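Scroll down for the structure; my scribbles are underneath it.
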Amino acid sequence: MKILLVLLLPVLLSACSGIKFKSNISPVLAEHVQDSVDADKVIEYSAEEIQRYQSSGLGLLIASSCQQGVNSLKPSRYSIKRDLKYQTQGVGGNGYVIVECSNDFYPGCYAYLECRALAYDIDFGNS
C-alpha cells in the first residue's frame, strides 16, 4: 500500500498543477487589506526625529479606545497607534508624532485611552 501511494503521489500532485484559484473576497475587504498594507508603511516619529526631515504637516489626528465592559479588552497603545497609522495614511501622510495621550474618564467606559497626534508627509529625498 505504501509503495502504491509513493508511486501515485507524483501523478496526483502534477494533476493539480494547472488548477487556478479564484477568490470571492469582496472589493471592500480587498481594499481593507490594501489599506492595512499601506498603513504598515506609516512610521511613528518623536518630535525631535521629525525635525530631521523635510516634511509637511497634514493636521491633527485623534484616536481613542473604550473598554465598554469588565470582560472587554482594555484600551491599548498598540490599537491606538494602529488607528493613527490608518488615519495618517488616509490623509496622505507617511509619518506621525504623538503629541499626548490621556486616560481620562469617559462616560460608559471602564477604561478609556485617547491620543492626539500630528500627521506628516515626509519627503525622504531631501533629508
Can you check how the C-alpha radius of gyration of the stretch 34-122 compares to 2.2 N^0.38 Å, as a plain ratio?
1.15
In nm, spacing of pseudo-spin labels at VAL70 and GLN51 (7 Å Cα→C-beta vector)
4.9
Exactly which chymotrypsin sites (Phe, Trp or Tyr not before Pro) in the stretch 65-108 are in a DSSP loop and have at most 13 other Cβ atoms within 10 Å?
PHE105
Rounded accessible area per residue of the stretch 34-122, 1.4 Å, Å²:
61
Carbon and sulfur %, accessible surface of the stretch 34-122 computed with the full protein complex present, 1.4 Å
47
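The values are calculated or read from the model by the stated rules, or taken from the named source; none is laboratory data. The structure displayed is predicted, hence computed values, not measured ones. Using ideal geometry, Cβ is built from the backbone for each residue, glycine included, and neighbour counts are taken over all protein chains shown. Quick note on the areas: whole protein, heavy atoms, side chains included, nothing else; ligands and nucleic acids left out. Shrake-Rupley method; radii C 1.70, N 1.55, O 1.52, S 1.80 Å.
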